[in-house]
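Below is one structure, written out as structure tokens; the observations come after it.
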Amino acid sequence: MTESGHSAPRKRGRLTAPQFAALKGTGQKITMVTAYDYPFARLVDEAGVEAVLVGDSLSMVVQGHDSTLPVTLDEMIYHAEMVGRAVERALVIVDMPFPSYHLGKHKAIENAGKILKETRCQAVKLEGGADQADTIHALVSAGIPVIAHCGLRPQSVHQLGGYRVQRDEAALLHDARAAAEAGAFSVVLECIPSDVARRITEKITIPTIGIGAGPDCDGQVLVLHDVLGLTCDYVPRFVKQYANLQDSALEALRSFRDEVRSGKFPAEEHGFK
Ligand code: KIV
């Protein structure tokens, strides 16, 4: 039991949303990486990032769709449960999939509440700024920490006409400010010019987490499969691959095939007497 008489949360060491927000202005850059299952979530956490995001990029990098639109709330929860079981230190955030927060504030609270209740994750992310301010405020009032996502919003790809750099500085600043004023504890800025991201970062009180938004955001986020070189098809220009696991995996699998065919595997030590 804690001092207040409540049972302590199972994962005691995790970074909290307020602690994450308080990193702005400390000089420490924030890192966030996506994860979608137990073994990779453990690795990402072990690496010491501040946040693990169960992104709706799941739809593309795991499920093989060509956009983030198809993934469902239940599928996000299924994967977030695995991540929730794995992470001990980082803040765990789950993307609200399309259209789980577009059908009114009550539905948004119901869906975000379901995510928190069933996954042991601590916060949700949704795409939007000024247009979602009422929903962000409602979620925060219900005790659900929210991170907003402005700039290129992949769930609106059809409305935006493609995955394009977003350049309307006034609109971007308006969105980021509206999200902060509504109570979001952070905002992801995707695919916007670096100097615009720098000015927004200087002007708002919550941490900006960039992806394709230059070096001056308070932190950076990347998709796990891009970082590790596991992305099958297109890799965006803003990505840096830090490993090439696709080649290593292919080599290992071909070796297995060859050794079975040649009789080298299984050897005596792999059998039982
Ligand atoms: O879904 C996702 O992985 C994301 C990140 C790219 C920020 O939203």
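The values are calculated or read from the model by the stated rules, or taken from the named source; none is laboratory data. Only a predicted model underlies this, so the values are computations on that prediction, with no experimental measurement involved. Virtual Cβ from ideal backbone geometry, glycine too; neighbours counted across all protein chains shown. To get the accessible areas, we keep the full protein, side chains included, count just its heavy atoms, and leave off ligands, DNA and RNA. Shrake-Rupley method; radii C 1.70, N 1.55, O 1.52, S 1.80 Å.
Inside the range 163-184, residues that are open to solvent by less than 20 Å² (accessible area, probe 1.4 Å) and outside any helix (DSSP H, G or I) make up a count of 1.
Across the range 48-57, the number of residues qualifying as within 7 Å of the ligand (Cβ to nearest atom) and either touching a His at 6+ places or on another chain (Cβ under 6 Å) or among the hydrophobic types (A, V, I, L, M, F, W, C) (or both) comes to 1.
Only one entry in G113, G27 is away from the ligand (no atom under 14 Å from the Cβ) and part of a loop (DSSP other than H, G, I, E, B), namely G27. In the range 211-238, the residues that are within 20 Å of S194 (Cα to Cα) and at pLDDT below 95 reach residues that are within 10 Å of the ligand (Cβ to nearest atom) and not in a loop (DSSP other than H, G, I, E, B) with C-beta atoms within less than 8 angstrom, at least six apart or across chains, in these pairs: V235/D226; P236/D226; F238/I211. Can we say G113 is over 19 Å from G219 (Cα atoms) and either modelled with pLDDT under 95 or surrounded by fewer than 15 Cβ atoms within 10 Å (Cβ to Cβ) (or both)? Considered against the rule, which asks whether it is over 19 Å from G219 (Cα atoms) and either modelled with pLDDT under 95 or surrounded by fewer than 15 Cβ atoms within 10 Å (Cβ to Cβ) (or both), G113 comes out as no.
The set of residues from the range 40-57 being within 17 Å of Q155 (Cα to Cα) and open to solvent by 40 Å² or more (accessible area, probe 1.4 Å) is empty.
If the condition is being part of a helix (DSSP H, G or I), within 15 Å of the ligand (Cβ to nearest atom) and either open to solvent by 60 Å² or more (accessible area, probe 1.4 Å) or aliphatic (A, V, I, L, M) (or both), then the range 78-100 contributes A80, V83. Check G212 against each of (1) touching a Cys at 6+ places or on another chain (Cβ under 6 Å); (2) open to solvent by less than 10 Å² (accessible area, probe 1.4 Å); (3) not aliphatic (A, V, I, L, M) and name the one condition it does not meet. Tallying (1) touching a Cys at 6+ places or on another chain (Cβ under 6 Å); (2) open to solvent by less than 10 Å² (accessible area, probe 1.4 Å); (3) not aliphatic (A, V, I, L, M), G212 fails exactly one: (2).
Looking at the range 120-136, can you tell me whether even one residue there is closer than 19 Å to T34 by Cβ, among the charged types (D, E, K, R) and either open to solvent by 20 Å² or more (accessible area, probe 1.4 Å) or outside the structural domain of H174 (by TED's automatic domain parsing) (or both)? Checking the range 120-136: at least one residue is closer than 19 Å to T34 by Cβ, among the charged types (D, E, K, R) and either open to solvent by 20 Å² or more (accessible area, probe 1.4 Å) or outside the structural domain of H174 (by TED's automatic domain parsing) (or both).
Checking each residue in the range 230-244 for being surrounded by 14 or more Cβ atoms within 10 Å (Cβ to Cβ) and closer than 19 Å to Y36 by Cα picks out L230, T231, V235, V239, Q241.
Just name the residue that is least open to solvent (accessible area, probe 1.4 Å) out of those in the range 58-75 that are more than 10 Å from the ligand (Cβ to nearest atom) and outside any loop (DSSP other than H, G, I, E, B). Outline the logic, then answer.
Residues of the range 58-75 that are more than 10 Å from the ligand (Cβ to nearest atom), as a first pass: 62-67, 69-70, 72-75.
Pick out the ones that are also outside any loop (DSSP other than H, G, I, E, B) and you get 73-75.
Working: L73: 29, D74: 102, E75: 69 Å².
So the residue we want is L73.
The set of residues in the range 37-56 being assigned to a loop (DSSP other than H, G, I, E, B) and within 21 Å of A17 (Cβ to Cβ) consists of A47, G48, V49, E50, G55, D56. Would you mention how many residues in the range 26-39 are touching a residue at least 24 places away in the same chain (Cβ under 8 Å) and surrounded by fewer than 20 Cβ atoms within 10 Å (Cβ to Cβ)? Residues that pass the stated criteria total 5.
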